[in-house]
1. Across the stretch 73-119, which residue is farthest from the chain's Cα centre (by Cα) among those that are small (Gly, Ala, Ser) and either surrounded by fewer than 19 Cβ atoms within 10 Å (Cβ to Cβ) or not assigned by TED's automatic domain parsing to the domain that holds Val33 (or both)?
2. Are any residues in the stretch 1-40 closer than 21 Å to Cys378 by Cβ, more than 20 Å from the chain's Cα centre (by Cα) and polar (S, T, N, Q), and if so, which ones?
3. Report, by residue number, each residue of the stretch 393-418 that is crowded, with 17+ Cβ neighbours inside 10 Å, aliphatic (A, V, I, L, M) and more than 24 Å from Cys327 (Cβ to Cβ).
4. Being under 21 Å from Gly305 (Cβ atoms), of a type in the set (A, V, I, L, M, F, W, C) and not assigned by TED's automatic domain parsing to the domain that holds Asn304 is true for just one of Val29, Val33. Which residue is that?
5. Would you mind telling me which numbered condition in (1) closer than 30 Å to Asn94 by Cβ; (2) touching a Pro at 6+ places or on another chain (Cβ under 9 Å); (3) buried (at least 20 other Cβ atoms within 10 Å of the Cβ) Asp306 fails?
6. Select from the stretch 104-128 the residues that are farther than 24 Å from Ile87 by Cα and either among the aromatic types (Phe, Trp, Tyr) or free of Cβ contacts under 8 Å to residues at least 40 places away in the same chain (or both) and list them in ascending order.
7. Can you pull out the residues in the stretch 276-295 that are touching a Leu at 6+ places or on another chain (Cβ under 7 Å) and either β-branched (Val, Ile, Thr) or in a helix (DSSP H, G or I) (or both)?
8. Can you confirm whether Ile377 is buried (at least 16 other Cβ atoms within 10 Å of the Cβ) and closer than 14 Å to Asp405 by Cβ?
Amino acid sequence: MELNGKKLLILGGATTEIPLVKRAKELGVYTIVTDMYDFKTSPAKKYADEAWNISWTNLDELSAKCKEENIGGILAGYSESHVEYMIKLSSLLNFPCYITKEQLEITRNKKKFKEVCKRNGVPVVRDYCDVTSVDTFPVIVKPTDRGGSIGVSVAHNEEELKQAYSYAMEMSVEKNVVIEDFISDGFKFDVYYLIIDGKIIYLTCSDTLTSDKGGELGIIQNAWLYPSKFMDAYDSGPRSNVEAMIKDMGIKNGHITFSSFVLRDKSFLFFETGFRLSGDQAFTYTNTVGKTNVLDAMITYAINGDAKEVISDMDKSSSGLIAGKKCLTINAYAKGGEIKSIDGLERIEAMPDCTYVLNNVNIGDKCDDSHAILKKICQAVFVSDSIESLKEDADNMYSALTVTDLNDQDMIFDRIDSNVVSNWWN
């Protein structure tokens, strides 16, 4: 069905929504971004055809406005909160929506997700029913219903466990807590799927390089490498169970990411999922290697209720991954301070292997490095047939990027060792 001229309402205008807005416009869609913030706080509004200053939680006003303006579909990108209101607003307007309320609850509630994993034979991190059943330390204690590091603690003994449990319970909205073994010697592994009309498309998988400076809870993801060096172990291991779980959850359309730890014996322990677009913008790599365009699928389904027409020739015949091209996505995070200057983003964007650069800050932004979640300065994606070229891309990016504070001090929190990239897939 034709998209040209159809109106798409996007809930939220953060930097991460910019590629979504841009792609929708390329497809001929008239884009509208809505939230209560100005263009500086919601930069995606600057790229949209139209911007509304209506909170995405204001269902009455939004539903009336959508009818008045003849909106054709609604989409939320990278936040479960936005997705929740997309479900509600779509229901009010009888619009297509790839996700149900029940599916959202499974994918954002850690305990419910683990129950579905266990039912389908997907291995998970060992958990404990209460504080008295813990027989091994350290453990990680977290609310079942909060994201990031909110309410999360690591306990090394019984006294710390009691404190961590009380803290997690205090921070939990639904007053539910999960206690799990704390995995400190595994690699973080993500696997990405696109589902269109019940067809499960295996997009790619990635490994994460984390910063040593983050401490136990500061899971600072400095870089992602695609495809994962554990791809074969996943294919011969939990893949069939994970794909059975997608079917068990009743998922017919949408993009979903599953996260796990890979231990040294190449066994997998899954711990969370996101049934939405992923913040690592993995589509910038999968598009390059011929997989179905994730953004096209999400946009088309939101408007037409059917995205079968966007399935790529590669995915019509195969659900495997393509060998050859590899990808390095680098995140640069900020130290504490106020940003005085930012330079080099244009030079990074002009690098031959660079497929995507996302600037996430402005001069004058105040950054706080006393919390586990740091402010991201930028994200850059490099795709190449040559691993050595990716190593050089990392070095050249750091040479080009300069971010200083009011005292002209470097504000980049950490940098990856490019030699790790050279040896990653060996």
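1. Ser91
2. The answer is none; no residue qualifies.
3. The one that is crowded, with 17+ Cβ neighbours inside 10 Å, aliphatic (A, V, I, L, M) and more than 24 Å from Cys327 (Cβ to Cβ): Met411.
4. Of Val29, Val33, the one residue that is under 21 Å from Gly305 (Cβ atoms), of a type in the set (A, V, I, L, M, F, W, C) and not assigned by TED's automatic domain parsing to the domain that holds Asn304 is Val29.
5. The failed condition is (3).
6. Scanning the stretch 104-128 gives Lys118, Tyr128.
7. Within the stretch 276-295, Phe283, Thr286, Thr292, Val294, Leu295 meet the criteria.
8. It is true that Ile377 is buried (at least 16 other Cβ atoms within 10 Å of the Cβ) and closer than 14 Å to Asp405 by Cβ.
The values are calculated or read from the model by the stated rules, or taken from the named source; none is laboratory data. These numbers come from a predicted model, not from an experiment. A quick note on method: Cβ atoms are made from the backbone with ideal geometry, for glycine too, and the neighbour counts reach across all protein chains shown.
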